[in-house]
Amino acid sequence: MKRLITLSIILSSAFSASAQDVNKTVTLNEVTVKAAKVVNKPDGMVLYPTDAQKQSSNNGYSILEKLSLANLRIDNINHSITAIDNRGSIQIRINGIVVDKSEMLALDPKNITKIDFINNPGVRYGDGIAYVVDIITHRKESGYTVGTDLTSALTTLQGDGMVYGKWNRGKSEWSLSYDLSGYRTKGSKSKQSAEYTLTDGSIHRIERNDMETLRKAIAHEAKLTYNWADSTATVFQTSFSGAFNNAPDNYIIKDIKDGARQYQATSCDADKSYSPALDVYFFRQISPRQSLTANAVGTYISTQTGSFYNEGSPYKYNVDGKTTSLLAEAIYENRLKPFTFSTGVNYSYKYIKNGYLGDASSLTKTNNNRLYGFAEIKGMLRQLRYTLGAGVSYIHYTQNGHRFNFWTFHPKASLTYQINNGLQMSYTYQMQDKVSRIAMTSDVMIRTNSMEWTKGNPDLKPSHDMEHRLQFSYNNNRLQAFVDGYFKQCFKPNMAHYERTQDNQFVYTQINQKEIDALSVMAYAGYWLLPEKLQIAANGGLYRCFNYSNDYTHCYTSWFYAASITAYLGRFTLQGYVDNGNRFLEGESKSYNGAYSVVKASHAWRNWQFSLSWANPLNNNYKAYENELLNRNLYKHTIGYSKWMGNLVSLNISWRLSRGSKHNSAEKRINLRDTDNGIIK
């Protein structure tokens, strides 16, 4: 089952409504600024959470789910954020820093000043990033914060607990966190029927149905950070983190009907990894208009995996993986009078040494260098806001005698026209490169069952992606609404390719083929039925994908919707959410990720908050996913069910104690990270 499904999602609540302008009210003793709840900008919007939303939230996930960000599913119980429109991944930042679960749980929503929601990020945010959420806060000048966040499922064995602490004195801040999570589940089963067209034209049918499954894992993560900030003139930060993950002795027992034969097959796997990382960051305000930002991250990943499957005949292999990477970036910005000019350079180096032992025998050594430089201007001409930029990337890749050098030009233009106080129109165009997943560039070949293999392709090249986006949005005091059209063209992308051998083995790989296009049209509306008391939100639309291969064409249209409601009743908050899942077709695989619904209640008492959720109520056999493989020689239909995801009741308890005065902290403008071990599965 896909990890995306096992970490399924809750997106609760409703967007903050928006005001037309930022108004200033001057009193005799102070100046009070009443900011608009939503302010549009060329690459997204800025949101100002209400006091009710902040008071009823206990961490970063909790405040984001109450904002009902369009196309994002946010689960405060399972601490996950995913995109439901299949455009890419989400990057979460706090004060410009890319953060993980520990920082999101330690975040005090009462310290949030605004949230920058970027739904049209530039290439400098990284490959495959569709959305960026940057939470801007103020921090303590002196004092401390300690707390804990504990989540436990009451209907299955699944839990997550974290303790954290921060200490501030003058310009220095120390923070330390430790997180422990794990699960042990049974009852997740899949049913699969496959039809293989053999070389003689006959069809061979196999059914694979899970009889018994066990999935378990435990993860530890610790992080120590030191931050020195001289107001907003100079910022220095360094952090050291370590993560240990262990998933031992997982297994699946399958009932196999292979023609006239029927037998049981067992699949076993184990996975263990350790990953330390060092992050160093520096920001300097050179002058009132000029600034320099630099960031460097070093990461080491050690992975040991084992796999065994005896369908047809026993097949066993182990992988000993070592990965080292260095990522560095520097950005210069100058706020000139007609516009703001910024330029920068990004460099990444990744070395992979993965040894496959046993029935899959291979030693993969990969060196991947990428250098990217860009320049950009952004400004305003009356009612028109603009961003114009260009970049160039160079990729040098070698693996076991395979190599290539790849150049890409990255233009970008964004125009936003303010039609009136509430209505605006925006258009964005950009081109970027799309780098292959590291694992698929391996030269190893792995058997997946009695008839099928997965084979890497070290000759895969990056592809060119071209994106167009047109949006009309309207905001007033209680309503935020927009209509969005998005079109993406991927030239020479990595697409699925199946080869049938003479002895009737079916080999899956990826090769650069013609084109993949995607069209999305959607509408969103969020409305305060009762200001500060009752919110509703809904979005829905159409997703159309086109896959043009060398030897096949697959097109698919799907519809999606989501709706939520949130009531703020003093210290109590009630939430409800429903969506119809995610459907898409990529290459030759048509997939469906399960629909989701949840009701939730939370109560705040002093420094404590208690939350209880009921996910997929009255559904004892939750349909988590469905896949169809549409190859002309191989058709497969797979449905996955999860008993533990149906009628899932979870309890979250958080506690935070904070003392000390506060001031605005400087933003960390860039952050880099690497978690890809490059192992093919």
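The values are calculated or read from the model by the stated rules, or taken from the named source; none is laboratory data. Quantities reported herein were computed from a predicted structural model and do not represent experimental measurements. All Cβ positions, glycine included, derive from the backbone under ideal geometry; neighbour counts span all protein chains shown. These accessible areas exclude ligands, DNA and RNA; they are computed on the full protein's heavy atoms, side chains included. Shrake-Rupley method; radii C 1.70, N 1.55, O 1.52, S 1.80 Å.
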Quiz item: Restricting to region 599-654, what's the tally of residues that are outside any strand (DSSP E or B) and surrounded by 15 or more Cβ atoms within 10 Å (Cβ to Cβ)?
Solution: 9
Quiz item: Residues of region 127-138 being closer than 29 Å to residue 230 by Cβ and either crowded, with 18+ Cβ neighbours inside 10 Å or modelled with pLDDT of 90 or more (or both), which ones?
Solution: 132, 133, 134, 135, 136, 137
Exercise. Confirm whether residue 199 is outside any strand (DSSP E or B) and in contact (Cβ under 8 Å) with a residue 40 or more places away in the chain.
Key: yes
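Residues to consider are 647, 633, 607, 619; find the one that is among the polar types (S, T, N, Q), in contact (Cβ under 8 Å) with a residue 12 or more places away in the chain and closer than 22 Å to residue 194 by Cβ.
Being among the polar types (S, T, N, Q), in contact (Cβ under 8 Å) with a residue 12 or more places away in the chain and closer than 22 Å to residue 194 by Cβ holds for just one of 647, 633, 607, 619, which is 633.
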Practice problem: May I ask you to verify whether residue 191 is more than 30 Å from residue 161 (Cβ to Cβ) and either at pLDDT 95 or above or open to solvent by less than 40 Å² (accessible area, probe 1.4 Å) (or both)? | Solution: yes
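I need the full set of residues from region 311-333 which are more than 31 Å from the chain's Cα centre (by Cα) and over 30 Å from residue 351 (Cβ atoms), in order please.
311, 312, 313, 314 - these are the residues of region 311-333 that are more than 31 Å from the chain's Cα centre (by Cα) and over 30 Å from residue 351 (Cβ atoms).
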Quiz item: Does region 163-173 contain at least one residue that is over 26 Å from the mean Cα position of the chain (by Cα) and either outside any strand (DSSP E or B) or closer than 30 Å to residue 505 by Cβ (or both)?
Solution: yes
Self-check item: Pair list, Cβ under 7 Å, 6 or more apart: region 299-328 residue under 15 Å from residue 250 (Cα atoms), other residue of a type in the set (Asp, Glu) and crowded, with 17+ Cβ neighbours inside 10 Å
Solution: 305/271; 306/269; 307/269
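Can you name the residue in region 442-483 that is among the basic types (Lys, Arg) and outside any loop (DSSP other than H, G, I, E, B) and, of all such residues, is surrounded by the fewest Cβ atoms within 10 Å (Cβ to Cβ)?
So in region 442-483, the residues among the basic types (Lys, Arg) come out as 447, 455, 461, 469, 478.
Now drop any that are not outside any loop (DSSP other than H, G, I, E, B), which leaves 447, 455, 469.
Working: 447: 20, 455: 17, 469: 19.
Selected residue: 455.
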Quiz item: Going through region 420-441 one residue at a time, which ones are under 17 Å from residue 365 (Cβ atoms) and outside any loop (DSSP other than H, G, I, E, B)?
Solution: 438, 439, 440, 441
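Residues checked against (1) among the charged types (D, E, K, R); (2) in contact with a strand residue (DSSP E or B) (Cβ under 8 Å, 6 or more places away or on another chain):
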position: 202; (1), (2): no, no
position: 205; (1), (2): yes, yes
position: 208; (1), (2): yes, yes
position: 226; (1), (2): no, yes
Practice problem: Hey, can you tell me all the residues within region 314-341 that are open to solvent by 50 Å² or more (accessible area, probe 1.4 Å) and of a type in the set (Ser, Thr, Tyr)? | Solution: 324, 332
Self-check item: Members of region 547-571 that are touching a residue at least 40 places away in the same chain (Cβ under 8 Å) and among the hydrophobic types (A, V, I, L, M, F, W, C)
Solution: 560, 562, 565
Quiz item: In region 58-102, which residues are open to solvent by 10 Å² or more (accessible area, probe 1.4 Å), part of a strand (DSSP E or B) and under 16 Å from residue 601 (Cα atoms)?
Solution: none
Quiz item: Does residue 116 satisfy the condition of being open to solvent by less than 20 Å² (accessible area, probe 1.4 Å) and at pLDDT 85 or above?
Solution: no
Quiz item: Any idea which residue in region 139-151 is farthest from residue 67 (Cα to Cα), counting only those that are open to solvent by 40 Å² or more (accessible area, probe 1.4 Å) and touching a Ser or Thr at 6+ places or on another chain (Cβ under 7 Å)?
Solution: 142
Quiz item: Name the strands (runs of 3 or more DSSP E) wholly within region 305-419 that hold at least 2 residues that are charged (D, E, K, R)?
Solution: 315-335, 339-358, 362-381, 402-418
Quiz item: Of all residues in region 381-407 being closer than 16 Å to residue 428 by Cβ and not hydroxyl-bearing (Ser, Thr, Tyr), which is surrounded by the most Cβ atoms within 10 Å (Cβ to Cβ)?
Solution: 391
Exercise. From the list 171, 166, pick out the single residue that is surrounded by fewer than 21 Cβ atoms within 10 Å (Cβ to Cβ), in contact (Cβ under 8 Å) with a residue 12 or more places away in the chain and among the charged types (D, E, K, R).
Key: 171
Practice problem: Starting from region 525-546, take each residue that is within 27 Å of residue 588 (Cβ to Cβ) and list its partners that are open to solvent by 30 Å² or more (accessible area, probe 1.4 Å) and outside any strand (DSSP E or B), counting only C-beta distances under 9 angstrom and pairs at least six apart or across chains. | Solution: 543/86; 545/86
